[in-house]
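Remarks on the structure that follows.
The values are calculated or read from the model by the stated rules, or taken from the named source; none is laboratory data. None of these values were measured; they are calculated from a predicted model. In this analysis, Cβ positions are derived from the backbone assuming ideal geometry, glycine residues included, and neighbour counts consider all displayed protein chains.
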Amino acid sequence: MNQYLVVGIVFLVIVALLAANKKLVETLKNIYKIEELRKRVIYTIGLLLVYRLGSFIVIPGINPNALGEGSALASQLEGNGLLGLLNVFSGGAFGNAAIFALGVMPYITASIIIQLAGMMIPAVQKLQKEGESGRRKMNQWTRLLTIIVLVIQGPAYIANLYHQVPGAFVYGNSFGFIAYATTILIAGTMFIMWLGEKITDKGIGNGISLIIMIGIVARLPHALLAEVNARFQTASGSAIMLILELALLFLVFMATIALVQAVRKVPVQYAKRIVGNKQYGGVRQYIPLKMNAANVMPIIFAQALMFIPALFTGTAFAAAFSSMTGFWYNFTLAVLVIAFTYFYTAIIINPQMMADDMKRNGGFIPGVKPGKQTVNYIDTIMTRITLPGSIFLAIVAILPALAMKFLGIQQAFAYFYGGTSLL
């Protein structure tokens, strides 16, 4: 009873803090007043509810009662950091054997492959420079590659599920069942992608990011309750440790917000122009270059690649990366996050385009000549500010492992101390 009371108090405190935020209240009022914005918010919430509903629809032919607590699958998800992480990403659909079990991870894997191909294949590089038409073509390639990835991951998921809980298969594990179950999983992931695209087009924000976020946040009450139960099972100091954990989580939130909002302002001076009796330009503005321009994508890409060692089950290579709190797992994850931060920043920040736009509009950086020198100047600044940003992002990525190893925090709740869950 005490555990549930603590969880209730925590959520009441969170709601009270949000209600006390006058700016938040004003924002909600404005959303309700503006009809177009209100429609977009309702549309986004509706599609996210559809996604959550699909996370509980079990694949036909699977007995959901055999997948509950105490099953081999539940133990595997709790004991294996990689599969547990995948279950968090899917909002619990992975553990439910739902039609959305594979989530958006196949799409993310396909996106990584396409973007890496853009660095090595001239034809893909050419498409990246063709603007909107090239972007549509690459999106089409990404969708097709996603289906190929699903054709591989679908049977692997069914095989793992049968290995863990063979009793859950009502009609057995025949080739016909694997074929139609894989087809359902492919359709589920493609439907999630369609939901994400619709949210991006007619809703608010990036649809895929929101789907990942809502899946992770949906696990928060369960994770918090599990952590409270674990703390109250100890002989003493449970309440104090829980308060310290929440205080530390708050500090981590603040540090992460500072990282996301940190910018380097590059001054830009615009030349004076006189048109008729009016003067244009002659003012100084700033280009805000973000320290973490890549946002959460490097961590998503890095964690997607960290699933690869699991394919080599039974080898020393897989064993070295099987534990989420292991040294090699976290060291490799941190290095990948740093590398992907530079890689993704280079994709979304184009100094040449920025320099051309400034020159076209009569702008220049004081003390820097337009053209090549401006490109080099912006590129140098981005390289310098991306280094601390990438290191901090790598720390955020491995914070859940540190929280589990040194603070004894439960795995489900530790995910909210860093990584994709936090960002």
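Comparison of Leu86, Leu82 shows that the only residue that is within 16 Å of Met324 (Cβ to Cβ), of a type outside the set (Lys, Arg) and modelled with pLDDT under 70 is Leu82. Within the range 285-298, residues that are without any contact (Cβ under 8 Å) to a residue 24 or more places away in the chain reach partners that are surrounded by fewer than 19 Cβ atoms within 10 Å (Cβ to Cβ) and of a type in the set (D, E, K, R) with beta carbons closer than 9 Å, at six or more positions or on different chains, in the pairs Tyr286/Lys265. Going residue by residue through the range 235-257, is there one that turns out to be within 24 Å of Ile299 (Cα to Cα), surrounded by 14 or more Cβ atoms within 10 Å (Cβ to Cβ) and of a type in the set (Val, Ile, Thr)? Yes; the residues of the range 235-257 include at least one that is within 24 Å of Ile299 (Cα to Cα), surrounded by 14 or more Cβ atoms within 10 Å (Cβ to Cβ) and of a type in the set (Val, Ile, Thr). Collect the residues in the range 384-423 that are among the aromatic types (Phe, Trp, Tyr) and farther than 15 Å from Arg219 by Cα, keeping them in residue-number order. Result: Phe392, Phe406. Every test in (1) modelled with pLDDT of 85 or more; (2) under 30 Å from Glu227 (Cα atoms) is passed by Ala320 save one, and that test is (1).
Restricting attention to the range 100-123, and to residues there that are more than 25 Å from Ile192 (Cβ to Cβ) and assigned to a helix (DSSP H, G or I), which single residue is modelled with the lowest pLDDT? Result: Met119.
The residue that is nearest to the chain's Cα centre (by Cα), among those in the range 182-191 that are over 15 Å from Gly46 (Cβ atoms) and surrounded by 15 or more Cβ atoms within 10 Å (Cβ to Cβ), is Thr189.
Thr341 meets the stated requirement of being modelled with pLDDT of 80 or more and of a type in the set (S, T, N, Q). Residues that are among the β-branched types (Val, Ile, Thr) and in contact (Cβ under 8 Å) with a residue 12 or more places away in the chain: does the range 236-248 have at least one? The answer is no, given that none of the residues of the range 236-248 is among the β-branched types (Val, Ile, Thr) and in contact (Cβ under 8 Å) with a residue 12 or more places away in the chain.
Tell me yes or no: at least one residue of the range 117-127 is loosely packed, with under 14 Cβ neighbours inside 10 Å and within 23 Å of Leu86 (Cα to Cα).
Among the residues of the range 117-127, not one is loosely packed, with under 14 Cβ neighbours inside 10 Å and within 23 Å of Leu86 (Cα to Cα), which makes the answer no.
One residue stands out in the range 404-423 among those that are among the hydrophobic types (A, V, I, L, M, F, W, C) and touching a residue at least 60 places away in the same chain (Cβ under 8 Å): the one that is surrounded by the fewest Cβ atoms within 10 Å (Cβ to Cβ), namely Leu407. Of the listed requirements (1) assigned to a helix (DSSP H, G or I); (2) modelled with pLDDT under 80; (3) surrounded by 20 or more Cβ atoms within 10 Å (Cβ to Cβ), Gly91 misses just one: (1). Only residues that are assigned to a helix (DSSP H, G or I) and polar (S, T, N, Q) were counted across the range 53-67, and they come to 1.
Within 30 Å of Arg40 (Cβ to Cβ), at pLDDT below 90 and not acidic (Asp, Glu): which single residue out of Leu195, Leu210, Leu224, Leu161 fits that description?
It is Leu210.
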